[in-house]
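**Student:** The structure that follows is given in the form of C-alpha cells.
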Amino acid sequence: MASRLDWWSVGLYALFVLMGWMSIYSAVYNPEAPLGLFDAAFYTSNAGKQLIWIGTSFVLIMFIFALDFRFFESFAPVIYGLFIFLLILVPFLGVTINGSHSWFKIGTVTIQPAEFAKTATALLLAKYLNDPQVSLTRFRNQWKAALIMFVPILLIVGSNETGSALVFVSFIILLYREGLPGEYPGLLLGGIFLFVSALILKPLTIFILLVILAGMLVLLMPIYLQRMYQTYVKIALGISVVMSLAMLVEWVVNNVLKEHQRNRIKVLLDPDFDPRGLGYQVTQSKIAIGSGGFWGKGYLGGTQTKFDFVPEQSTDFIFCTIGEEFGFIGVAGIIILFMVFLWRLMYLADLQRSRFARAYGFGVVGILFFHFLVNIGMTIGLMPIMGIPLPFFSYGGSSLWSFTILLFIFLKLDSHRSDMLSR
C-alpha cells in the first residue's frame, strides 16, 4: 500500500506540522531561560505539549491505515451518530474554555467534539451521496443533505462555538461538486455580500444603489421587456426583498447576536475601534506581521512574539509569528504551499472511481480551505475573530488530531482507488 500512497500530500502534511511546531516553539521561547527537549519543564509549555500531540497523531495515522478502507463508508452513520451524541452531552458534562462551553476535560487533556464532528459529517454526506438514487437536483435529496449538516451546526451553536459551526458552510463545495444547482452557492455568496453591505452602508444608501442598478438593468433589457408591466413588478419585488433582508441583518446584529459577537464585527468594520481593548488582539497581530517587513526578523527573532503582545499567539494567531519572523517571503511561501496542497487534494479527489471517496475528498478540501482562508483573514483584520485554527500549524490537540484524521482517511481511500467500483 505504501507504493500507492500519495507521498506528495504526506510530505506537505509533515512539512506543515514541522513548521507549525517550530512557530509554536518560537511563540513560547524565552531567550533568557531557553528550555531543551530533555528538560522536564519543556513539556509543560505549549511547544512540549504540541510535540506530544504530534507523536500521538502518527499513532492515529497508523491506526487509520490498519483499518479496511471500506470501514469508513460502512460505519459513517455510526461515527456521525457518536459525535452527535457527544455534542448533545457537552453542554451537560463539558467545561468552558475562552467563553466556549464545548470541551470535555479528561484529567489534564481537553477535547473538543466539534472539531471531529466535521469529519463525521463529511463521511455521512459522502455515504448518502454514494447512493445511485440520490441526485442533488431533486429537492427531497437537497433537504436530506442539508439536515445532515444542520444537526451538528445547531448543537455546536448551542455550545457557544459559532466559529466551528460556520466551518460547516464549506460543505457547499462538496455538494456543488456532486450536482447541487449553482443557484445555491450563488445565493450563499449573495447573502454574504448583502450581510457585509448592510453592516457598512445605511438602508437609504442601499436603496439608492438598488434603484440605480435597477435602472441600468431596465436600460439594458430588450424593448419588449421594458414595455411589460410584469418586468417592473418583479424589479420592485426584488428591491423590496433585498431591503427587507438588509433591515433584518441590522435587527439580528443588534438583538440576536451576543455582545462579544457584536464587538468582533465592530472591530472588523473599524480597525481603530478600542485599540487598547476589544481591538487589541487584531491591532497587535497586524503590527507583528507588518514589523516582519520583506525578509522578516529571523527565526526566534520576533519581538512581538517574545513579549506576549499578541494574545493566543500559539493557537489562532500563529500566522502572525510566521509573518514577523519570516516576513513577506515567508508568508507568501506558506500561502503558495497551502494552495498547492489544496490543489493536490482536489486533483486526487477528481481521480476517485467511487463517488463516496470523491465526495469525501472535496469535503476535506472545503474544510481545510475554510480554515486557511478565515484564519489568515482574521489575523490581518479582514475577517472577524472566530477562534478558527490554522490547519496543522496552530497549537492544540483537538485541532491537530481532527485535521490529521480528516486528511489521512482520504489518503487511505485514495490508496485503494483501484479497488473501488466506479459510480
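**Student:** So which residues in segment 188-210 are under 23 Å from Y232 (Cβ atoms), open to solvent by 70 Å² or more (accessible area, probe 1.4 Å) and in contact with a helix residue (DSSP H, G or I) (Cβ under 7 Å, 6 or more places away or on another chain)?
**Tutor:** F207
**Student:** Also, I was wondering about something else. Looking at segment 273-289, is at least one residue at pLDDT 85 or above and of a type outside the set (V, I, T)?
**Tutor:** No, segment 273-289 has no match at all.
**Student:** Give the residues of segment 151-167 that are open to solvent by 10 Å² or more (accessible area, probe 1.4 Å), in contact (Cβ under 8 Å) with a residue 12 or more places away in the chain and either at positive phi or not in a loop (DSSP other than H, G, I, E, B) (or both), sorted by residue number.
**Tutor:** Within segment 151-167, V151, I153, L155, G158, N160, T162, L166 qualify.
**Student:** Name the pairs whose Cβ atoms lie under 9 Å apart, with the first residue in segment 362-376 and open to solvent by 10 Å² or more (accessible area, probe 1.4 Å), the second among the acidic types (D, E), and 6 or more positions between them or separate chains?
**Tutor:** F362/E178; F362/D350
Okay, residues lined up against (1) buried (at least 21 other Cβ atoms within 10 Å of the Cβ); (2) not hydrophobic (A, V, I, L, M, F, W, C):
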residue: I88; (1), (2): no, no
residue: H101; (1), (2): no, yes
residue: Q112; (1), (2): yes, yes
residue: A117; (1), (2): yes, no
residue: V169; (1), (2): no, no
residue: I173; (1), (2): no, no
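**Student:** Hey, another quick one. Restrict the check to segment 110-118 and report whether at least one residue is more than 28 Å from R353 (Cα to Cα), free of Cβ contacts under 8 Å to residues at least 24 places away in the same chain and either in a helix (DSSP H, G or I) or over 20 Å from the mean Cα position of the chain (by Cα) (or both).
**Tutor:** no
**Student:** State whether the residues of segment 120-141 include one that is more than 16 Å from Y360 (Cα to Cα), part of a loop (DSSP other than H, G, I, E, B), in contact with a strand residue (DSSP E or B) (Cβ under 7 Å, 6 or more places away or on another chain) and of a type outside the set (S, T, Y).
**Tutor:** No, because not a single residue in segment 120-141 is more than 16 Å from Y360 (Cα to Cα), part of a loop (DSSP other than H, G, I, E, B), in contact with a strand residue (DSSP E or B) (Cβ under 7 Å, 6 or more places away or on another chain) and of a type outside the set (S, T, Y).
The values are calculated or read from the model by the stated rules, or taken from the named source; none is laboratory data. These figures come from a predicted structure and were not determined experimentally. Please note: Cβ atoms are built from the backbone with ideal geometry, for glycine as well, and neighbour counts cover all protein chains shown. To get the accessible areas, we keep the full protein, side chains included, count just its heavy atoms, and leave off ligands, DNA and RNA. Shrake-Rupley method; radii C 1.70, N 1.55, O 1.52, S 1.80 Å.
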